[in-house]
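The values are calculated or read from the model by the stated rules, or taken from the named source; none is laboratory data. Bear in mind that the values here come from a model prediction, so they are computed numbers and not experimental data. Note: areas computed on protein heavy atoms with side chains; ligands, DNA, RNA excluded. Shrake-Rupley method; radii C 1.70, N 1.55, O 1.52, S 1.80 Å.
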Amino acid sequence: MRTLVTNTTPLIALTAATGSLDILRFLFGRVIVPFEVKQELLAAGLEAVGATAFMQANWLDCQTQPITLSSYLSNTLDRGEAAVIQTALNLNVPLVCIDEAVGRRVARLSGLTLTGSIGILIKAQQ
């Protein structure tokens with residue numbers, strides 16, 4: 001099973017589409033959530049779309065400390081996307097899940113492989 005580092009938007013989209021995050025659990029051996037992504041997801045409270053499903057997914061590998069971002073990433077992307085890419089690079093994880101176009105472009109330029117919410121749903125359907 002592969003490891004995946006995920007951003008906020010896919011977590012919200014997958015919860016909205018399926019009602020939980022279990023799809024990630026079945027497709028990947030390890031799903032890493034950077035500290036910054038967890039903060040973004042929970043910023044609006046537990047009433048926000050995806051927040052309850054996220055809190056119930058105790059199998060997620062949620063990082064407990066903020067990551068030190070390269071100046072390039074911190075000046076190019078929002079904190080969540082930058083943290084996803086930096087975490088993947090630091091941990092040598094080749095696959096990231098990002099939906100936003102700019103984040104996807106920077107991830108590709110960083111040598112990472114990409115998927116997004118739609119890619120995960122398609123993979124699950126297969």
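Observations on the structure shown:
- Under 5 Å, built H, 5+ apart or other chain: amide partners of Cys62: Val33
- Heavy-atom accessible surface of segment 1-102: percent carbon and sulfur, 1.4 Å: 52
- When the alpha carbon gyration tensor of segment 48-88 is reduced to an equivalent ellipsoid, its three semi-axes come out at 24, 12, 7 angstrom, largest first.
- From the Kirkwood radius over Cα pairs of segment 1-59, Stokes-Einstein at 20 °C and 1.002 mPa s returns a whole-number translational diffusion coefficient of 188 µm²/s.
- Identified option (computed Cα extents along the principal axes in Å; candidates (1) 63, 33, 19; (2) 52, 32, 22; (3) 36, 34, 23): (3)
- In this structure the chain gives 51 Å² per residue of accessible area when probed at 1.4 Å with all protein chains present.
- Multiplying the residue separation of Ser74 and Glu47 by 0.36 nm and subtracting their alpha-carbon distance yields 6.8 nm.
- Relative contact order, percent, the chain [alpha-carbon distance under 8 Å, six or more residues apart]: 30
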